[in-house]
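The structure appears right after this line, and notes come after that.
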């Protein structure tokens, strides 16, 4: 399965199906879910990054339980917007994940998403580094997914 554009992904989704937002970190993967109208992204969970097979099984279970029909995977472009080694690794991982789960996927620029979430957690919630560790990845996934949802016109739903 190849990666789609966000617009093409939205066009393939059945009515009232959710999207899964994914922030693929090196150590942890943050997950977020959209609501069925695909207007609001909500942090879902953070899972340790392990073997792809385990992640595939986990994503399939989430998809079945929560009626997820597509994925928005964050891609870490360089600050100047170029496609570096980290972005290529995220793209390769997203392709493999889409192929093995059978869920269509698109990539979404995640530049500075974790930084923005960390700033918010420090300034707004005054959370310590230890407390931020457990939630930053799923909040970054929600941040990525919300940006993607916000970029789609209402007619896409």
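The values are calculated or read from the model by the stated rules, or taken from the named source; none is laboratory data. Small disclaimer: the values here were computed from a predicted structure and weren't measured. Note that we place each Cβ from the backbone using ideal geometry, even for glycine, and neighbour counts take in every protein chain shown.
Observations on the model:
- Taking region 56-92 as the range and being surrounded by fewer than 21 Cβ atoms within 10 Å (Cβ to Cβ), touching a strand residue (DSSP E or B) at 6+ places or on another chain (Cβ under 8 Å) and under 11 Å from residue 3 (Cβ atoms) as the test, only 91 passes.
- Being outside any loop (DSSP other than H, G, I, E, B), on the phi < 0 side of the Ramachandran plot and more than 16 Å from the chain's Cα centre (by Cα) holds for only one residue in 86, 57, and it is 57.
- Against the test of being over 19 Å from residue 145 (Cα atoms) and touching a residue at least 12 places away in the same chain (Cβ under 8 Å), the options 79, 97 yield a single qualifying residue, 79.
- Residue in region 102-113 that is in a helix (DSSP H, G or I), farther than 15 Å from residue 34 by Cβ, touching a helix residue (DSSP H, G or I) at 6+ places or on another chain (Cβ under 9 Å) and at pLDDT below 95 present: yes
- Test: residue in region 76-93 that is modelled with pLDDT of 95 or more and in contact with a helix residue (DSSP H, G or I) (Cβ under 8 Å, 6 or more places away or on another chain): yes
- Residues of region 17-54 classified as more than 14 Å from the chain's Cα centre (by Cα) and assigned to a strand (DSSP E or B), total: 1
- Filtering region 2-16 to residues that are part of a loop (DSSP other than H, G, I, E, B) and on the phi < 0 side of the Ramachandran plot leaves 2, 3, 5, 13, 14, 15.
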